[in-house]
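Undergrad: This is the structure, below, for whatever I ask next.
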């Protein structure tokens with residue numbers, strides 16, 4: 001039930017006493033009204049220079065101030081709470097309102113329903129390693145990054161991507177941990193591909209048949225890595241980037257690199273945002289799905305066609321702006337970034 005409004009005379013008296021130098025507490029005691037009411041009257045007088053009732057826009061709110069505060073608090077504390085759950089919780093305290101009313105209240109407080117970003121699960125050890133990588137490489141020259149051959153594997157679905165989850169959050173907070181969904185790598189109708197690229201353009205793309213193991217990975221490297229490096233004119237002293245998948249770090253694989261005199265970039269785990277190939281994956285998947293492949297053969301064909309369409313300028317730009325990623329990781333103290 002809404003509190004009864006104080007008369008104009010009471011409000012005028014509050015302002016009069018305030019002008020005379022009385023504090024909120026003394027005015028509250030003298031007029032026997034709550035201190036918060038005194039504060040509200042004075043704040044309104046300061047802003048509008050009047051104690052008169054101001055015209056109210058639209059229909060008065062169906063929710064009490066207490067319920068509105070509770071709604072905002074619940075959405076802020078539990079970002080993944082749904083409108084249905086919020087509607088039920090308000091009904092339990094006797095305030096039955098439509099979902100759009102709840103939405104409107106949250107919007108006014110700066111909270112908007114947004115699709116939760118999927119981000120790798122980061123433990124403290126991951127953050128520490130990411131921070132170490134970023135700080136140690138921040139001073140590297142642009143030429144160093146031009147010598148890196150970036151690689152990765154990804155799964156490409158025949159019919160689009162997994163379900164979305166909405167969260168209540170404020171602007172520019174998309175990558176804060178509480179608003180993201182932790183993921184693990186490669187969790188249907190899909191294919192797995194391996195590919196590489198550098199500042200000079202895209203290298204080979206290979207479809208992975210069956211389950212990937214160490215032997216299969218080394219075969220992919222044997223048949224595609226050196227050829228890609230040669231095509232991209234990286235020279236003999238290029239640096240190869242791969243993530244820390246056990247197949248990549250297997251003793252026999254590391255021996256292979258050593259025998260080929262290939263330098264492998266030391267890489268922090270759970271760091272797809274530090275690998276610019278992720279941007280190319282995202283663009284590739286969008287382009288491939290626009291082609292509407294109807295079977296896995298077409299899916300593979302479109303993937304390879306779209307991969308080759310990546311411009312050298314696009315690849316170069318990703319590498320040119322690489323220091324920004326390192327700066328973002330440092331700013332996030334090793335946490336997830338927008339990349």
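Undergrad: With respect to residue 50, is the statement that it is modelled with pLDDT under 85, surrounded by 11 or more Cβ atoms within 10 Å (Cβ to Cβ), farther than 18 Å from residue 103 by Cβ and over 39 Å from the mean Cα position of the chain (by Cα) true? Explain how you work it out, then say what you get.
TA: Working: modelled with pLDDT under 85: yes; surrounded by 11 or more Cβ atoms within 10 Å (Cβ to Cβ): yes; farther than 18 Å from residue 103 by Cβ: yes; over 39 Å from the mean Cα position of the chain (by Cα): yes.
Answer is yes for this residue.
Undergrad: In addition: When you scan segment 320-327, do you find a residue that is under 17 Å from residue 175 (Cβ atoms), in contact with a helix residue (DSSP H, G or I) (Cβ under 7 Å, 6 or more places away or on another chain) and part of a helix (DSSP H, G or I), even just one?
TA: Looking for residues that are under 17 Å from residue 175 (Cβ atoms), in contact with a helix residue (DSSP H, G or I) (Cβ under 7 Å, 6 or more places away or on another chain) and part of a helix (DSSP H, G or I), one finds at least one in segment 320-327, hence yes.
Undergrad: I would also like to ask the following. In segment 105-150, what residues are touching a helix residue (DSSP H, G or I) at 6+ places or on another chain (Cβ under 8 Å) and within 30 Å of residue 95 (Cα to Cα)?
TA: Within segment 105-150, 105, 106, 109, 111, 112, 113, 114, 116 qualify.
Undergrad: Just to be sure before I move on: is residue 266 exposed (fewer than 15 other Cβ atoms within 10 Å of the Cβ) and under 21 Å from residue 246 (Cβ atoms) in the structure I sent?
TA: Numbers: exposed (fewer than 15 other Cβ atoms within 10 Å of the Cβ): yes; under 21 Å from residue 246 (Cβ atoms): yes.
The answer is yes for residue 266.
Undergrad: Hey, among the residues in segment 53-79 that are modelled with pLDDT of 85 or more and surrounded by fewer than 16 Cβ atoms within 10 Å (Cβ to Cβ), which one's farthest from residue 8 (Cα to Cα)?
TA: The residue in question is 78.
Undergrad: Another question about this same structure. Answer yes if at least one residue in segment 222-231 is out of contact with any helix residue (DSSP H, G or I) (no Cβ under 6 Å at 6 or more places or on another chain) and modelled with pLDDT under 95, and no otherwise. I'd like the intermediate steps shown before the answer.
TA: Keep residues of segment 222-231 that are out of contact with any helix residue (DSSP H, G or I) (no Cβ under 6 Å at 6 or more places or on another chain), which gives 222-231.
Imposing the further condition that a residue be modelled with pLDDT under 95 reduces the set to none.
No, every residue in segment 222-231 fails to be out of contact with any helix residue (DSSP H, G or I) (no Cβ under 6 Å at 6 or more places or on another chain) and modelled with pLDDT under 95.
Undergrad: Out of 110, 203, which single residue is in contact with a strand residue (DSSP E or B) (Cβ under 6 Å, 6 or more places away or on another chain) and either modelled with pLDDT of 85 or more or surrounded by 15 or more Cβ atoms within 10 Å (Cβ to Cβ) (or both)?
TA: Numbers: 110 fails: in contact with a strand residue (DSSP E or B) (Cβ under 6 Å, 6 or more places away or on another chain).
The unique qualifying residue is 203.
The values are calculated or read from the model by the stated rules, or taken from the named source; none is laboratory data. Predicted, not measured: the structure shown is a model, and the values here were computed from it. Positions of Cβ are generated from backbone atoms using ideal geometry, with glycine treated the same way; all protein chains shown enter the neighbour counts.
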